[in-house]
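First comes the structure, then the notes that go with it.
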Amino acid sequence: MAIKSQADFFSGVMFMAVGATFAVGSTNYTIGDGARMGPGYFPLMLGVLLALIGAVISLQAMVVETADGGKIGPWAWKPLAFVLGANLAFGVLLGGLPSIGLPAMGLIIAIFALTIIASMAGNQFKLRDSLVLAVVLAVGSYLAFIVALKLQIQVWPTFISG
């Protein structure tokens, strides 16, 4: 059977690999059953579901004809680097790096950095638009995580909040 859409086929394979990894990794925890779920139950079910979705997508890619064969294009290195860098910056700014003496900068600064760096991945970067989005995300995150859920997350850097 020939692959009729490369992009769909390989995305299905990726879903199956990630799903299988989660399912196998969840077996390190107590699974339980539907009535008494253990900590491994949800990752197992999620992994199995993701692997099944991947199998359906891969099989569909071998049956359904696409106009151009769904060829996979070249890697988009710039967006990949900016999105991964934005997530790395978020984690470092939120938690700090005590090993090199970088203190935690807090939720608000981490969200601003995440939003601005990730926005640079696109072709039409506008700082004003990124700042507006960062303000909306920062306010929403503050309301959701700090006010509503009462999570103990550092909001501002220690040199501001004391």
Report the residues of segment 12-34 in range of a label on residue 60: point 7 Å along Cα→C-beta, backbone N strictly under 16 Å from it.
12-16
With each label point set 7 Å from Cα along the Cα-Cβ vector, what nm distance links residue 137 and residue 17?
2.7
In the chain the accessible area split gives carbon plus sulfur, as whole percent at 1.4 Å, a share of 72
For the chain: relative contact order, % (alpha-carbon pairs under 8 angstrom, 6 or more apart):
20
Centre separation in Å (Cα based) which lies between segment 119-162 and segment 43-105
22
Principal axis dimensions, segment 1-82 - Cα atoms, whole angstrom, descending
49, 35, 15
Area of residue 22 that stays accessible when all protein chains are in place (1.4 Å probe, Å², to 10):
110
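Can you pull the percent of Cα pairs in segment 77-147 with separation above 18 Å?
42
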Can you name the helices of the chain, as whole DSSP H runs, whose Cα span along the helix axis is 24 Å or more and whose Kyte-Doolittle mean is not below -0.5?
6-26, 41-63, 77-95
Give the cross-link partners of residue 126 among the aspartates and glutamates, using a straight C-alpha distance below 17 Å as the criterion and excluding same-chain residues fewer than 8 apart.
none
Go through [x] 149; [y] 202; [z] 167 and flag the label whose value is the computed volume of the Cα convex hull per residue in Å³ for this structure.
[y]
Taking the simple approach of a point 7 Å from Cα along Cα-to-Cβ for both residue 84 and residue 147, what is their distance in nm?
3.7
Surface per residue (accessible, 1.4 Å probe) for the chain, Å²:
67
Given a Förster radius of 35 Å and the C-beta distance between residue 2 and residue 37 as r, what FRET efficiency does 1/(1 + (r/R0)^6) yield to the nearest 0.05?
0.25
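The values are calculated or read from the model by the stated rules, or taken from the named source; none is laboratory data. The model shown is predicted, which means the values in this text are computed figures rather than measured ones. As a convention, Cβ positions derive from the backbone with ideal geometry for all residues, glycine included, and neighbour counts pool all protein chains shown. SASA here: full protein model, heavy atoms, side chains in, ligands and nucleic acids out. Shrake-Rupley method; radii C 1.70, N 1.55, O 1.52, S 1.80 Å.
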